[in-house]
1. Which of the residues spanning region 35-50 are surrounded by fewer than 14 Cβ atoms within 10 Å (Cβ to Cβ) and either touching a helix residue (DSSP H, G or I) at 6+ places or on another chain (Cβ under 9 Å) or under 30 Å from SER111 (Cβ atoms) (or both)?
2. Report every pair of residues separated by at least 6 positions or lying on different chains whose Cβ atoms are under 8 Å apart, first residue within region 135-148 and more than 12 Å from MET119 (Cα to Cα), second of a type in the set (Gly, Ala, Ser) and part of a helix (DSSP H, G or I).
3. Which residue, of GLY71, GLY152, GLY49, is on the phi > 0 side of the Ramachandran plot, small (Gly, Ala, Ser) and touching a residue at least 40 places away in the same chain (Cβ under 8 Å)?
Amino acid sequence: MTNERNELVFQANYALNVEKVVERFNRRMDRFLSLALLLLGSSVAASIGNQVVWGVAVALISSLQFVYRYGEHAGIADDQMRSYQNLVRDIEVRKLSDDAIRDRLEELSESDSKTASFMEQIAHRNTLIRRGQIDKCHDFNWYLTVLAFLFGGTPLPKKSRQEHGGEAQAAHDETPA
């Protein structure tokens, strides 16, 4: 593959992974807020604790759901993700030309979801891992590690014990008990 084609294929896979992360983030936020509403609404109905506090919490969560529309954004990202999946499949199966890939990427990118930088970082790392370019991956800080765990990051494959300098432990594991 030429460098230009590699870059186009990478862009298609990256865009797919961005939409996956956006969809997971929005779907999980929507479910979390719905669960919180259910629990807080139950505590208001059961007269547990201070009803004013619970009522204010229910109003705040309802406002978050109304303003940010996590469920709606999850659906839009899911549709966009499927479009990119079709593009990636077409690249592999139909062997699309570079111009056809470029045109489809340009067309699809007009409907891309808005993302936060942590989503792009997670998606970039996922793309590198899935394309076998693990050597280009960098370690996440603790904050990104937690977010990647929650919203669909692909963990780096574990290094063998020999790569970590654990020859003695590896030899120990192989000795019979």
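Read the figures in this text as sums done on the coordinates, not as results from a lab. Keep in mind that what you see is a predicted model, and the values were worked out from it rather than measured. All Cβ positions, even for glycine, are placed from backbone atoms using ideal geometry, and neighbour counts span all protein chains on display.
1. Those that are surrounded by fewer than 14 Cβ atoms within 10 Å (Cβ to Cβ) and either touching a helix residue (DSSP H, G or I) at 6+ places or on another chain (Cβ under 9 Å) or under 30 Å from SER111 (Cβ atoms) (or both): LEU35, ILE48, GLY49.
2. PHE140/ALA148
3. GLY152 is the lone residue from the list that is on the phi > 0 side of the Ramachandran plot, small (Gly, Ala, Ser) and touching a residue at least 40 places away in the same chain (Cβ under 8 Å).
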